[in-house]
Amino acid sequence: MKKKIESYQGAAGGWGAVKSVANAVRKQMDIRQDVIAMFDMNKPEGFDCPGCAWPDPKHSASFDICENGAKAIAWEVTDKQVNASFFAENTVQSLLTWGDHELEAAGRLTQPLKYDAVSDCYKPLSWQQAFDEIGARLQSYSDPNQVEFYTSGRTSNEAAFLYQLFAREYGSNNFPDCSNMCHEPTSVGLAASIGVGKGTVLLEDFEKCDLVICIGHNPGTNHPRMLTSLRALVKRGAKMIAINPLQERGLERFTAPQNPFEMLTNSETQLASAYYNVRIGGDMALLKGMMRLLIERDDAASAAGRPSLLDDEFIQTHTVGFDELRRDVLNSEWKDIERISGLSQTQIAELADAYAAADRTIICYGMGITQHEHGTQNVQQLVNLLLMKGNIGKPGAGICPLRGHSNVQGDRTVGITEKPSAEFLARLGERYGFTPPHAPGHAAIASMQAICTGQARALICMGGNFALAMPDREASAVPLTQLDLAVHVATKLNRSHLLTARHSYILPVLGRSEIDMQKSGAQAVTVEDSMSMIHASRGVLKPAGVMLKSECAVVAGIAQAALPQSVVAWEYLVEDYDRIRNDIEAVLPEFADYNQRIRHPGGFHLINAAAERRWMTPSGKANFITSKGLLEDPSSAFNSKLVMATVRSHDQYNTTIYGMDDRYRGVFGQRDVVFMSAKQAKICRVKNGERVNLIALTPDGKRSSRRMDRLKVVIYPMADRSLVTYFPESNHMLTLDNHDPLSGIPGYKSIPVELEPSN
């Protein structure tokens, strides 16, 4: 593969996306059969895309998929297989030298496997033997809290519900979850502000808004189908404004692959009417600057007898805490706001003017807001801005967190949380006749800390690549191998599987696209998208192997072996997933008529109280929550000259790396790069293409032992004092202590570093 750095001139989407999809299909799929499956993706009678959580429109196009959705399905339905013969040729030690792209590209896992330390290989075993051995290990532990139950966002509602049921009957609330590493500040921050830890908008609101503010996210790579909605609102005359450290092509301009005219004429739609390169870590300063201007202008309007700029009636009727916020914002100094945000007062005034002029505003945000050591407070400042003009709970307005995985929100809804409510536990216990544990369990950071200290003895992973996604992987690698038990429920081989415990198992499962046949016939599962829509997903393809089981069946198999006196009829539930949904409905009243409603095209919407201006907070109102200061990390290290953020490439989905290109940013065939502005390169006295080292700083500003060597400099249009490298290669620059104390999210996007030339 040719390595090059070459500026990409095209719009997002367009022929570049078509070519990329064709290459992915050619490398991975059986074109005669499996490409046809793409026409069933995101359709009422088909399967849900295993990629992002952007909702499906009510009237789906004939080919309603995006470039990265096509890559995800090509990756899943590959005809390559990882089986006994593969492991006979490759020891675990040799596989540890493979790249993460190579590991997953090897193919689908097709049979249950157990690690054999003598040969250093995984070897096949029967399903029943695997269940019996895993169950015996789980029965041997004196404390159920010695087991960590990790969940990936690809897990269906039905499988997630069974998983939490099993863990709680076993006696544990330890639920580290992928959301702990992406949108936990959303769950925590929004719940405190508006009483619901989810977004408040529907897809139809994008048809009614006047303004969309996109801050801290990259839709062209992470949720490409969103570009269709942005294109539509711009076409009808609404505005979109982008705020992001990097210039991202998906926020600038878009050629719709489904639009014949744009494709044939190479035309494009300009998306952002204005683009502001905020410095990494400068979001809070920017937002407080906007709020200060709005308050000052509202005061001036009132003094002059003009109509109020803010929604005074909404603030008085529906909120508390505005006076404290007002004092804090007005005390913020402009010199500090400008220095920290990297934007001038004039630029911030332009943003404030645009927001003031719009009657209905949606704010969309991603992990550029959440993955900071004060990510929860960042989210709450976005809510404060919306509340000032009553932009929560009215058509065409609201908060829109962009979830990264297709069912990460649904998993939390059905019980994957380390802090379940007393009401949920009471209903769960009543339904099944046991007393669930009430003590809070472990989220992701606490889970890894328990592993590193030896408190945890077992790790069960329902999908995902836990070891690679977490910070400080060098420090955690050895403790992971010292566990007594590791169980990985997976479709593809990844690095976490190679950090073998004393007893390690890989249990292969069906993909979203494959037919799930149980005793009562082919089954559907359900998922919840970013906008709280619940809909069915039905696989259409023949499974990659005859030994594959569904996630539901695997959970039931382990549970039956681990809990021989279980009060749950596990086998009965798995025979017909309608039975699982009946139980979900009994425990969660918002799922009333679950089985009936998912059979309607498009499914149904879970009621969002905040969207109806019902505030499920202790105050009974929406809360303006004040965050003191302007820096999201006030440590001296954060005041260093450079702050680094980790991002995905365009050929990547979370920890899954489809290829080595990052087309929109002009990087091809490589990932060992660091992006910086031309101004920053001049300050650092480095040139495009030169090699540099990055050294992570400790909280007191000293150089640590954590470093990245020989990264290639890529000069890119972006904010100064900011550096960007790829996730997950950069995760070791963080320690487990570098996390938000409110939500526990690691600070993947606020890492203070020093830069030095490479020898």
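Laboratory data are not the source of any read-out in this text; all were calculated from the coordinates shown. Here the structure is a predicted model, which is why all the values come from computation and not from measurement. Ideal geometry is used to build each Cβ from the backbone, glycine not excepted, and the neighbour counts take in all protein chains shown.
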*Roughly what % antiparallel, to the nearest 5, for the DSSP beta bridges in segment 637-757?*
65 percent
_Could you work out the percent of alpha carbon pairs in segment 188-230 separated by over 13 Å, rounded to a whole number?_
67 percent
*If you put +1 on each Lys and Arg Cβ and -1 on each Asp and Glu Cβ, how big is the dipole of segment 637-757 around its Cα centre, in Debye rounded to 20?*
420 debye
_Kirkwood estimate for segment 280-408, i.e. one over the average of 1/r between Cα atoms, Å_ = 15.4 Å
*Go through Ile751, Ala12, Leu233 and say which Cα lies farthest out towards the positive end of the charge dipole of the chain; charges sit on Cβ, +1 for Lys and Arg, -1 for Asp and Glu.*
Ala12
_Given N residues in segment 464-530, what is its alpha carbon radius of gyration divided by 2.2 N^0.38 Å?_
1.44
*Radius of gyration and Dmax for segment 535-645's Cα atoms, expressed in Å?*
23.2, 60
*State the answer as a single residue: which of Gly603, Val329, Ser126 lies farthest towards the positive end of the charge dipole of the chain, with beta carbon charges of +1 for Lys and Arg and -1 for Asp and Glu, about the Cα centre.*
Val329
_For the chain, calculated [θ]222 nm from helices alone, where every DSSP H run of n ≥ 4 adds -39500 (n - 2.57)_ = -9500 deg cm²/dmol
*Work out from phi, with θ = phi - 60° and the Karplus expression 6.51 cos²θ - 1.76 cosθ + 1.60, the ³J(HN,Hα) of each residue of segment 558-573, listed in order in whole Hz, and give x for Gly and Pro.*
5, 4, 4, 6, 7, 10, x, 9, 4, 8, 9, 7, 4, 4, 4, 5
*In units of 2.2 N^0.38 Å, what is the alpha-carbon radius of gyration of segment 637-757?*
1.03
*For the chain, what proportion of DSSP beta bridges, expressed in % and rounded to the nearest 5, is antiparallel?*
40 percent
*What net charge do the residues around Val489 carry, taking every other residue with its C-beta under 12 Å from that of Val489, with Lys and Arg at +1 and Asp and Glu at -1?*
+2
*Rounded to a whole number, what is D in µm²/s for the chain from Stokes-Einstein with the Kirkwood radius over alpha-carbon pairs (10 °C, 1.306 mPa s)?*
60 µm²/s
*Excluding residues fewer than 8 places away in the same chain, name every one of the aspartates and glutamates whose C-alpha is closer than 17 Å to that of Lys123.*
Glu89, Asp132, Glu133
*So what is the relative contact order of segment 184-401, in percent, for Cα pairs below 8 Å that sit 6 or more residues apart?*
32 percent
_Signed unit charges on C-beta, dipole axis of the chain, positive-most listed residue Asn180, Asn688, Ala74_ = Asn688
_Cross-link pairs beyond the 27 Å C-alpha cut-off, checked among Lys198/Lys628; Lys80/Lys519; Lys394/Lys749; Lys71/Lys682; Lys19/Lys208; Lys4/Lys492_ = Lys80/Lys519; Lys394/Lys749; Lys71/Lys682; Lys19/Lys208; Lys4/Lys492
*Could you put Trp15, Trp570, Trp127 in order, starting from the residue whose Cβ has the fewest other Cβ atoms within 10 Å?*
Trp15, Trp127, Trp570
_Please give the Cα centre distance for segment 578-596 versus segment 268-339, rounded to the nearest Å._
43 Å
*Taking the Cα atoms of segment 184-401, report the difference between the largest and smallest coordinate on each principal axis, in whole Å and largest first.*
55, 34, 32
_Can you bin every Cα-Cα distance in segment 96-158 into 5 Å intervals starting at zero and give me the percent of pairs per bin, rounded to whole numbers?_
3, 12, 12, 18, 26, 18, 8, 3
*If you line up the long axis of helix 422-432 against the longest principal axis of the chain, both from Cα atoms, how many degrees apart are they, to the nearest 10?*
20 degrees
*What aspartates and glutamates sit close enough to Lys542 to cross-link, taking a C-alpha to C-alpha distance under 18 Å and skipping anything fewer than 8 places away on the same chain?*
Asp30, Asp34, Asp40, Glu45, Asp48, Glu76, Asp79, Glu514, Asp516, Glu551
*asked:* For a quick check: with amide H placed at 1.01 Å from N, whose amide H comes under 5 Å from Leu723's, ignoring anything fewer than 5 positions away on the same chain?
replied: Val643, Met644, Ala645
_Under Karplus coefficients 6.51, -1.76 and 1.60, residue-wise ³J(HN,Hα) of segment 289-306 in Hz, glycine/proline x_ = x, 4, 5, 4, 4, 4, 5, 4, 6, 5, 4, 5, 5, 5, 5, 8, x, 8
*Percent of Cα-Cα pairs per 5 Å bin, from 0 to the last occupied bin, for segment 146-246, please list those.*
2, 10, 13, 16, 18, 14, 10, 8, 5, 3, 1, 0
*asked:* If the only charges are +1 at each Lys and Arg Cβ and -1 at each Asp and Glu Cβ, what is the size of the charge dipole of segment 444-580 around the Cα centre, to the nearest 20 debye?
replied: 340 debye
_Ranked Thr370, Thr481, Thr317, Thr155, criterion: other C-beta atoms within 10 Å, fewest first_ = Thr317, Thr481, Thr370, Thr155
*asked:* How big is the dipole moment of the chain about its Cα centre under a simple scheme where the beta carbon of each Lys and Arg is +1, that of each Asp and Glu is -1, and everything else is neutral? Debye, nearest 20, please.
replied: 1680 debye
